[in-house]
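J.: There's a structure below that I have some questions on.
The values are calculated or read from the model by the stated rules, or taken from the named source; none is laboratory data. Keep in mind the model is a prediction, meaning the values are calculated, not measured. Cβ sites come from the backbone with ideal geometry, for glycine too, and all protein chains shown count toward neighbours. Note: areas computed on protein heavy atoms with side chains; ligands, DNA, RNA excluded. Shrake-Rupley method; radii C 1.70, N 1.55, O 1.52, S 1.80 Å.
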Amino acid sequence: MTATIIDGKAFAATVREKVAVHVARLKADHGVTPGLAVVLVGEDPASEVYVRNKGKQTVECGMASFEHKLVAETPEADLLALIARLNADPAVHGILVQLPLPGHMNADKVINAIDPAKDVDGFHISNVGLLGTGQKSMVPCTPLGCLMMLRDHHGSLSGLNAVVVGRSNIVGKPMAQLLLNESCTVTIAHSRTKDLAAVCRGADILVAAVGRPEMIPGEWVKPGATVIDVGINRIERDGKTKLVGDVDFASAAAVAGAITPVPGGVGPMTIACLLANTVTACCRSQGLAEPEGLTA
Ligand code: GUN
């Protein structure tokens, strides 16, 4: 069998198009422009690239982008004061503080200082609790993107066996919650899981989010399964730098029913879902109906 390739790049473009339509409607009908504030502390080159891309795509969708760059030595109290100003600013509907933060800052304290209604990353403990109890929340962008692709491919996910490999707060745990809310039977596997191969082979839906290059071979994939590869790993091969996922694509694609490639799978969906979450946060702040197809 040769798997269907789930094209995240094309899917992300359709999400951004929906976002742009909603933004235009919010402006025309309600005089509101959704605004996203991104805060970057320090000079991490990878983070600077992400932040630049976020700002560019935000503006392309018709939204307002506010960038705040702080030096790495910024006292935590100054960052908390900036967050308090953004929380109070009616032009800002979404706030994202780029992680990782410098070592002298307490990331939990910083994230939990963000107004949960503006927490477009879905990392605030209130949003984590709301998602965990199946209530309306802001949903973390990468798992939301994975869910959108899974729904698009399968329609209903009810009753399917889902295995999430990885237990991070950013991807693994919220992904498992979302799949549980879709009535999947969910297993979270991790580095201490016994016989990970057998656990993976039981998956109708296999989500890999461990950050280890090509760790999951095709032999671990159930024939016909849907494989969502969240990993983005930089490796050297044949003297070149290459991006690979957590799944060995060639062997897995020979067995799976559908699979996301790296690059061009989950990656582009993350920023698209950040834009979607900003529109959702804006609609909720105005008491307006939420955009269809852009929430969990
Ligand atoms: N750093 C890497 N990915 C993310 C993300 O999704 N959100 C934030 N805030 N920081 C990140």
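J.: Which Rg and Dmax, in Å, describe the Cα atoms of region 161-207?
T.: 9.8, 26
J.: When ligands, DNA and RNA are left out and all protein chains stay put, how many square angstrom of accessible area per residue does the chain have with a 1.4 Å probe?
T.: Roughly 45 Å² per residue, with all protein chains present.
J.: Using +1 at the C-beta of Lys and Arg and -1 at the C-beta of Asp and Glu, which of 226, 254, 277 has the Cα lying farthest in the positive direction of the dipole of region 158-296?
T.: The residue sitting most towards the positive pole is 277.
J.: I've got another one for you. What's the magnitude of the charge dipole for region 228-273 around its Cα centre, counting Lys and Arg as +1 and Asp and Glu as -1 at the beta-carbon? Answer in Debye, nearest 20.
T.: That gives region 228-273 a dipole magnitude of about 140 debye.
J.: Could you pull out every residue, at least 5 positions away or on a different chain, whose amide H is within less than 5 Å of the one on residue 70? Hs are placed 1.01 Å off N in the peptide plane, and Pro or chain starts have none.
T.: 40, 41, 42
J.: I would also like to ask the following. Net charge within 12 Å of residue 260 by Cβ-Cβ distance, Lys/Arg positive one each and Asp/Glu negative one each, not counting residue 260 itself?
T.: -3
J.: State the Cα centre-to-centre distance between region 191-258 and region 72-121 in whole Å.
T.: 34 Å
J.: Of all the Cα-Cα pairs you can form in region 71-132, what percent are over 20 Å apart?
T.: Percentage above 20 Å: 24.
J.: Name the residue from 267, 239, 81 whose Cα lies farthest towards the positive end of the charge dipole of the chain, charges +1 on Cβ of Lys and Arg and -1 on Cβ of Asp and Glu.
T.: Toward the positive end, the furthest listed residue is 267.
J.: What does the charge add up to near residue 190, with Lys and Arg as +1, Asp and Glu as -1, over the other residues with Cβ less than 14 Å from its Cβ?
T.: Summing Lys and Arg as +1 and Asp and Glu as -1 gives +3.
J.: What is the local net charge at residue 23, summed over the other residues whose Cβ is closer than 13 Å to its Cβ (Lys, Arg +1; Asp, Glu -1)?
T.: +1
J.: Radius of gyration and Dmax for region 153-296's Cα atoms, expressed in Å?
T.: 16.3, 55
J.: Translational D (Stokes-Einstein, µm²/s) of region 77-200 at 4 °C and 1.567 mPa s when Rh comes from the Kirkwood sum over C-alpha pairs? Can you show the working numbers first?
T.: Details: Rh = 16.0 Å.
For the chosen part, D equals 81 µm²/s.
J.: What fraction, in whole percent, of alpha-carbon pairs in the chain exceed 28 Å separation?
T.: Roughly 38 percent, once rounded to a whole number.
J.: I need the per residue convex hull volume for region 100-149, using only the alpha carbons, in cubic angstrom as a whole number.
T.: Working: hull volume 4.0 nm³, N = 50.
Convex hull of Cα atoms, per residue: 80 Å³.
J.: How much accessible surface does residue 204 have with a 1.4 Å probe, in Å² rounded to 10?
T.: Counting only protein heavy atoms, the figure is 40 Å².
J.: Right, next: Over what distance in Å are the Cα centres of region 129-190 and region 1-57 separated?
T.: 21 Å
J.: Can you run the Rg to Rh ratio on region 249-296? Use alpha carbon positions and the Kirkwood inverse-distance Rh. Before the final figure, lay out the partial values.
T.: On the way: Rg = 15.9 Å, Rh = 12.9 Å.
That ratio is 1.23, to two decimals.
J.: Moving on to the next point. Dipole of region 40-184, Cα-centred, from +1 at each Lys and Arg C-beta and -1 at each Asp and Glu C-beta, to the nearest 20 debye?
T.: Charge dipole, region 40-184, about its Cα centre: 400 debye, nearest 20.
J.: Next question. Please give the charge dipole size of the chain, origin at the Cα centre, charges +1 on K and R Cβ atoms and -1 on D and E Cβ atoms. Round to the nearest 20 debye.
T.: Charge dipole, the chain, about its Cα centre: 260 debye, nearest 20.
J.: Counting only C-alpha contacts under 8 Å and six or more residues apart, can you give the relative contact order of region 1-147 as a whole percent?
T.: Over region 1-147, the number comes to 20 percent.
J.: What's the Kirkwood radius of region 201-251 in Å, using all Cα pairs?
T.: 11.3 Å
J.: Mean separation of Cα pairs under 8 Å and 6+ residues apart, divided by the residue count of the chain: what relative contact order is that in percent?
T.: 22 percent
J.: Taking every Cα atom in region 61-107, find the radius of gyration and the maximum pairwise distance Dmax, and write them in Å.
T.: 11.8, 36
J.: Still on this structure, I have one more. Percent of Cα-Cα pairs more than 17 Å apart in region 1-99, please.
T.: Roughly 60 percent, rounded to a whole number.
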